[in-house]
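The values are calculated or read from the model by the stated rules, or taken from the named source; none is laboratory data. On a predicted model such as this, the values are computed, not experimentally measured, just so you know. Cβ placement follows ideal geometry from the backbone for every residue including glycine, while neighbour counts extend to all protein chains displayed. Heads up: the accessible areas ignore ligands, DNA and RNA and are worked out on the full protein's heavy atoms, side chains in. Shrake-Rupley method; radii C 1.70, N 1.55, O 1.52, S 1.80 Å.
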Amino acid sequence: MEKPHKKLDAWKQSMELVIDVYRLTEKFPNHEQIRRATIIIRSNIAEGAAQTKKEFSNYLHIAQGSLSELDTQMELANRLNYTDEANRRILGSVWNGSIK
């Protein structure tokens with residue numbers, strides 16, 4: 001039996017985001033916080049999908065906050081020259097900054 005969250009486009013996109021972030025941050029000096037943010041996005045979408053519609057909405061808001069956290073961390077990594085704007089745009093193409 002397939003889990004309901006696996007049918008959600010947001011969950012599928014968040015899986016791609018996690019994979020891309022893991023690959024991108026492999027050589028970062030401290031990558032765990034960035035990776036944690038992407039995992040929290042995906043986890044909140046999955047957990048919320050198993051709840052009521054109202055609770056699911058709350059989980060999506062938490063995931064949205066984690067997405068903003070990730071954006072900030074990637075901006076910092078960019079400014080510290082751990083990555084570049086091109087890689088940041090690649091991540092942006094996977095995730096447009098909002099959860100739908």
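Residue pairs whose Cβ atoms lie under 9 Å apart, separated by 6 or more positions or on different chains, with the first residue in segment 3-25 and without any contact (Cβ under 8 Å) to a residue 60 or more places away in the chain and more than 11 Å from Ile45 (Cβ to Cβ) and the second open to solvent by 80 Å² or more (accessible area, probe 1.4 Å) and not acidic (Asp, Glu), are Thr25/Tyr82.
Across segment 12-31, the number of residues qualifying as under 15 Å from Tyr82 (Cα atoms) and either polar (S, T, N, Q) or in contact with a Gly (Cβ under 7 Å, 6 or more places away or on another chain) (or both) comes to 2.
Output yes when any residue across segment 47-56 is open to solvent by 60 Å² or more (accessible area, probe 1.4 Å) and within 21 Å of Arg89 (Cβ to Cβ), and no when none is. Spell out the reasoning first.
So the first thing to find is which residues in segment 47-56 are open to solvent by 60 Å² or more (accessible area, probe 1.4 Å), and the list is 47, 50-55.
Within this subset, residues satisfying the condition of being within 21 Å of Arg89 (Cβ to Cβ) are none.
Checked segment 47-56: no residue is open to solvent by 60 Å² or more (accessible area, probe 1.4 Å) and within 21 Å of Arg89 (Cβ to Cβ).
The single residue among Ala37, Ala86 that is at pLDDT below 80 and not in a loop (DSSP other than H, G, I, E, B) turns out to be Ala86.
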